[in-house]
Amino acid sequence: VAVVGAGRRPGGVGHEVLRRLLEGGFDGSVYPVNPGTTHVSGVRAYPTVGAIPDEVDLAVLAVPMAAVQAVVEDCARKRVDTVLVIAEGFSGDDAAAVDRLRELVAAVRRNGMRLIGPASAGVVNHDPSVRLQATFSSDIPPPGRVALSTQSGSMGGAILAYARETGVGLSAFVNLGDKADLSGNDLVQFWEDDPATAVICLYVESIGNARKFFSIARRVGRTKPLVMMRTAGLDLGAETWPSPETFSALTAQAGIVETESLAELFDVARLLAVQPLPAGRRVAVLANSPGTARSEEHTSELQSHLNLVCRLLLEKK
């Protein structure tokens, strides 16, 4: 793994990515790329990706937006497999941003590379043979059986922190950012065959190809549960849906468990990952008030949460 823009000063994004990789015990070689120094955190640094003597599987680009294209071209000459771009400024209605993104994607595809991002907060892979923590976030959840995909970089860091606080163990985490290349559909299909992953969780802000998404979900959901939380302003691109209710009906038909909050998302994920299913209708509800115990009422977030958990157990989702 090459970390381009790995500075010597703690607190910088590149420095923190390098630090996470080293402290996480990555089972591979780590190469800081910084033309201004020969060593970062005691590790030999190189002026460019092309100057690294060995092959590079992943290059994490912790450089300003204006420098991204040149670094990607350097990675292409080095035949890097995948680039992860942290910088923002490649999305929105600005014509210049659209052009920058188009050039970036063209360079990646022209050279047979894959792109995570831009505006990605990083990736985590807890496989014992990998132990990859390519992120600047210090909130790394413990290893577990839940794979998690998010989009927004800021929300990605917050969700990692929440997973750590609630003790939800992850097999992998990928923050897709702007999803210019690698998508949620790609991840779901990969995790479908991943023996370390028992539950797939998606925090969704946009779906580029909704029909393909539901087709994949229907297939994957037969063997692994998919749990999804979507933002209120879900962007479906060119797709048009009559109503939020119709979309929810499609998710249910595809076997996706929808949740309304992060608390629900992680509680359901934990339940599906570790809780044995009951042999029949064997769920009892103990409450301290009649209102909370009535399953037909939805008078509070707590009650809705309880109903969802009970339904999952009873229906064996």
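Report whether or not SER91 is polar (S, T, N, Q), open to solvent by 30 Å² or more (accessible area, probe 1.4 Å) and modelled with pLDDT under 95. Yes; evaluated as a whole, the condition is true for this residue.
Quick one: would you say GLU260 is open to solvent by 30 Å² or more (accessible area, probe 1.4 Å), closer than 15 Å to ARG145 by Cβ and free of Cβ contacts under 8 Å to residues at least 60 places away in the same chain?
On the way: open to solvent by 30 Å² or more (accessible area, probe 1.4 Å): yes; closer than 15 Å to ARG145 by Cβ: no; free of Cβ contacts under 8 Å to residues at least 60 places away in the same chain: yes.
Spelling it out, it is not the case that GLU260 is open to solvent by 30 Å² or more (accessible area, probe 1.4 Å), closer than 15 Å to ARG145 by Cβ and free of Cβ contacts under 8 Å to residues at least 60 places away in the same chain.
Against the numbered list (1) in a loop (DSSP other than H, G, I, E, B); (2) in contact with a strand residue (DSSP E or B) (Cβ under 6 Å, 6 or more places away or on another chain); (3) free of Cβ contacts under 8 Å to residues at least 60 places away in the same chain, ASP93 comes up short only at (2).
Under the condition of being open to solvent by 30 Å² or more (accessible area, probe 1.4 Å) and within 11 Å of the chain's Cα centre (by Cα), which residue from segment 153-181 is nearest to THR231 (Cα to Cα)? Outline the logic, then answer.
Taking segment 153-181 first, the residues open to solvent by 30 Å² or more (accessible area, probe 1.4 Å) are 154-155, 158, 162, 164-167, 178-179.
From the residues that got through so far, the ones that are within 11 Å of the chain's Cα centre (by Cα) too are 155, 179.
On the way: MET155: 11, LYS179: 16 Å.
Filtering first and then ranking leaves MET155.
Comparison of LEU160, LEU132, LEU176, LEU170 shows that the only residue that is within 29 Å of ASN209 (Cβ to Cβ) and either touching a Pro at 6+ places or on another chain (Cβ under 6 Å) or without any contact (Cβ under 8 Å) to a residue 12 or more places away in the chain (or both) is LEU170.
The condition of being among the charged types (D, E, K, R), under 25 Å from ILE140 (Cα atoms) and either within 27 Å of the chain's Cα centre (by Cα) or part of a loop (DSSP other than H, G, I, E, B) (or both) holds for GLU16. Within segment 52-71, being under 18 Å from VAL30 (Cα atoms) and either in contact with a strand residue (DSSP E or B) (Cβ under 9 Å, 6 or more places away or on another chain) or surrounded by 20 or more Cβ atoms within 10 Å (Cβ to Cβ) (or both) holds for ILE52, PRO53, ASP54, VAL56, ASP57, LEU58, ALA59, VAL60, LEU61, ALA62, VAL63, VAL71.
The values are calculated or read from the model by the stated rules, or taken from the named source; none is laboratory data. If you're wondering where the values come from, they're calculated on a predicted model, not measured in any experiment. Counting neighbours? That spans all protein chains shown, and the Cβs are built from the backbone with ideal geometry, glycine included. Heavy atoms of the whole protein, side chains included, go into the accessibility calculation; ligands, DNA and RNA do not. Shrake-Rupley method; radii C 1.70, N 1.55, O 1.52, S 1.80 Å.
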